[in-house]
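Below is one structure; the comments refer to it alone.
Just so it is clear, none of the values below were taken in a lab; they were calculated from the coordinates. What you see is a predicted model; the values in this text were computed from it and never measured. With ideal geometry, Cβ positions are generated from the backbone for all residues, glycine too; neighbour counts draw on all protein chains shown.
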Amino acid sequence: MSLRIVVCVKYVPDATGDRHFAEDLTVDRDDVDGLLSELDEYAVEQALQIADEADDAEITVLTVGPEDAKDALRKALSMGADKAVHVEDDDLHGTDALGTSLVLAKAVEKTGYDLVVCGMASTDGTMGVLPAMLAERLGVPQVSLLSEVSVEDGTVKGRRDGDSATEQLEARLPAVVSVTDQSGEARYPSFKGIMAAKKKPVTSWDLEDLEIESDEVGLEGAWTAVEGATERPARTAGTIVKDEGEGGKQLAAFLAERKFI
Ligand SMILES: Cc1cc2nc3c(=O)[nH]c(=O)nc-3n(C[C@H](O)[C@H](O)[C@H](O)COP(=O)(O)OP(=O)(O)OC[C@H]3O[C@@H](n4cnc5c(N)ncnc54)[C@H](O)[C@@H]3O)c2cc1C
């Protein structure tokens, strides 16, 4: 039987762009370009490698996000995933981590899965909590933060490198794993891959398709609230120290004044 792999990928605002909050303190996504979270490229890569080793496997990439999140799905498809699922609904505006995990869990269940592969964290929210929440909602084991991962005889195995120890972990499928940026460079989409991605199926679901009530998600259903946000102060012109014999002392004084030394 085919190994069904679902990779959760997030469409995130480009970190090099200027990001702003809207009046309701949600991120103003119209204001900035987005892209596939770089850390999720590692998840796609590991799923592709697991699929290569399996006799028969199918990779579905899944995102919860706005219309433009399809760009993230297309990139993952051009890397080699087989099909994609996009969950979008106006009522998702303001959804927090618990709400996102609910939507992902329902979408994963509807897709059908043996293994869910996530990134270690998104590059915007960076909470790193979604894989654990997702596993709990699905009622399956989670093996998180793996820098090496493989599947053999219905078991997912992996290596987690910690500060004081390296652990070898395994769990019976179905399971959720998350992989780190040490798991291996993600491949670049080839020209052939980019052309093939255009023909791969992308299924769109809304909350009704997933049997989720609108008050379970969005700002209304959120368990967390953003109370305030302050814009980063504009950059000021730097200080140029001209070395006329006293440069070192001036540098030291500059750093000491700002308590760097
Ligand atoms: C439609 C929408 C509206 C949102 N509105 C707000 C808002 O108003 N205010 C606010 O503070 N936050 C908002 N968020 C952000 C959301 O709460 C967080 O993105 C979410 O809780 C995940 O947290 P994180 O980014 O820290 O993920 P992490 O826990 O760091 O992510 C770990 C991994 O989980 C997977 N993952 C995470 N998010 C997604 C996703 N969306 N789709 C697929 N896989 C994913 C990826 O594999 C990722 O590497 C919104 C998100 C969505 C999708």
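Between helix 97-111 and the chain, what is the angle of the helix's C-alpha long axis to the longest principal axis, kept within 0 to 90° and rounded to the nearest 10?
Roughly 30 degrees, rounded to the nearest 10.
If the chain between Ala252 and Asp14 were fully stretched, how many nm would it gain, using 0.36 nm times the residue separation less the Cα-Cα distance?
Between Ala252 and Asp14, full extension yields an extra 82.1 nm.
Only loop residues by DSSP count here, and only those with at most 12 other Cβ atoms within 10 Å; note down the trypsin sites (Lys or Arg not before Pro) in segment 166-261 that meet that.
Lys198, Lys199, Arg235, Lys242, Arg258, Lys259
For each pair in Lys106/Lys157; Lys70/Lys200; Lys83/Lys157; Lys75/Lys110; Lys83/Lys110, compute the distance between the two Cα atoms and list the pairs where it is over 21 Å.
Lys106/Lys157; Lys83/Lys157; Lys75/Lys110
Counting only helical runs of four or more DSSP H residues, what would the 222 nm mean residue ellipticity of the chain come to if each run contributes -39,500 (n - 2.57) and the total is spread over all its residues?
For the chain, the value works out to -8000 deg cm²/dmol.
Could you pull out every residue, at least 5 positions away or on a different chain, whose amide H is within less than 5 Å of the one on Thr203? Hs are placed 1.01 Å off N in the peptide plane, and Pro or chain starts have none.
Ala84, Val85, His86
Show the residues, 5+ positions off or on another chain, whose built amide H is closer than 5 Å to the amide H of Val7.
HN-HN under 5 Å from Val7: Thr60, Val61, Leu62, Val117.
Output the 0 to 90 degree angle, nearest 10, between the alpha-carbon long axis of helix 70-79 and the longest principal axis computed from the alpha carbons of the chain.
Tilt relative to the chain: about 70 degrees.
Any chance you could give the angle, 0 to 90 degrees and rounded to 10, that helix 38-53 forms with the longest Cα principal axis of the chain?
30
With just the Cα atoms defining each centre, how far is segment 94-161 from segment 191-215? Give it in Å.
Result: 19 Å between the Cα centres.
Aspartates and glutamates within cross-link reach of Lys242: Cα-Cα under 12 Å, excluding same-chain residues under 8 positions apart?
Within the straight-line limit of under 12 Å, Lys242 reaches no aspartates and glutamates at all.
Before anything else, pin down the relative contact order of the chain: Cα pairs under 8 Å, at least 6 apart, normalised by residue count, whole percent.
23
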